[in-house]
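Here's the structure, in structure tokens; my notes come after.
Coordinate-derived values only; no laboratory data. Because the structure is predicted, anything quoted here is derived from the model rather than measured. Cβ atoms come from the backbone with ideal geometry, glycine included; neighbour counts cover every protein chain shown.
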Amino acid sequence: MVVRQFRYGNDNLGYVVHGKTEALAIDGGAIGPVTRYLEENGLALTMITNTHSHSDHTVGNDALMTRDTRLITPEEAAGAGEIIVEGHSIRVIPTPGHTLDSVCFHTPGFLMAGDTLFIGKVGRCFSGRTDLLLRSIRTLMTLPGDTVLYPGHDYVEEYLGWCRTLEPKNRHLDQAMRLYDRSDVRSTLGREKLVNPFLHMDNDDVEEALKRRGLPRESIGERWNSLLGLM
Ligand SMILES: [Fe+2]
């Protein structure tokens, strides 16, 4: 399986997952570049899906549609549990929180996380269910640490800057910033554990940051909601 990232709009990131002849578009808003890529590589776009139903993610669906393309909504994808591309299974992980229909897609080695998990932060909780978002993030963090994190937006500079305001002494942030490449926006789950405060809430520096701001920090749930409130 090949996973290719496509940038569109201000900071949106979509993906094409493909084998030798068949491709799946995930948030395929980069209509021109995606179409060209499919043509140049002799790929048939057999399926289109989305990480959630926000319009900046679904914006390319209609234009990419051909007679042979099937649109799979996030709900359908979650219900099926997997999407098969050329005999390879792409696991669909329901991750409600950012929206109730949010899903992430996992192929061995890669996680397309939409607006659920970003480099440096988690997604805004538009569903209002911060408990569900926490549970979803915990599910994602059971995947291997060397799994590539492919997010739904490039917010890297802004979010790592935000991380630095919380943990000025965290040297992993310097390394994450050095590795930032606008043309291939990625992290790994292992690296995120070191830079993203939502993923190491038991850390003393995170506790100290919340304490300085006078925010609740006794339980994991309190820390989680306090961090979300700072976004
Ligand atoms: Fe979104």
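Table for the structure above
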read-out: Estimated FRET transfer efficiency (ASP184, ARG67; beta-carbon r; R0 41 Å; 0.05); value: 0.80
read-out: Estimated distance in nm for a label pair at GLU157 and SER89, the labels positioned 7 Å out from Cα along Cα-to-Cβ; value: 4.2
read-out: Per-bin percent of Cα-Cα distances, segment 2-230 [5 Å]; value: 1, 7, 15, 18, 20, 15, 10, 7, 4, 2, 1, 0
read-out: Span per principal axis, largest first, for the Cα atoms of segment 140-231 (Å); value: 39, 26, 22
read-out: Using a Förster distance of 22 Å, the FRET efficiency for VAL2-THR139 (Cβ separation, nearest 0.05); value: 0.30
read-out: Per residue Cα convex hull volume in Å³ - calculated over segment 44-135; value: 106
read-out: Sites GLU207 and LEU230, calculated FRET efficiency, Cβ-Cβ separation with R0 22 Å, nearest 0.05; value: 0.95
read-out: Equivalent ellipsoid semi-axes, segment 164-209, via Cα gyration tensor eigenvalues times 5, rooted, Å; value: 21, 11, 7
read-out: Choice from ARG213, ARG171, ARG124 showing the highest fluctuation, given a GNM over the chain with Cα pairs closer than 10 Å; value: ARG213
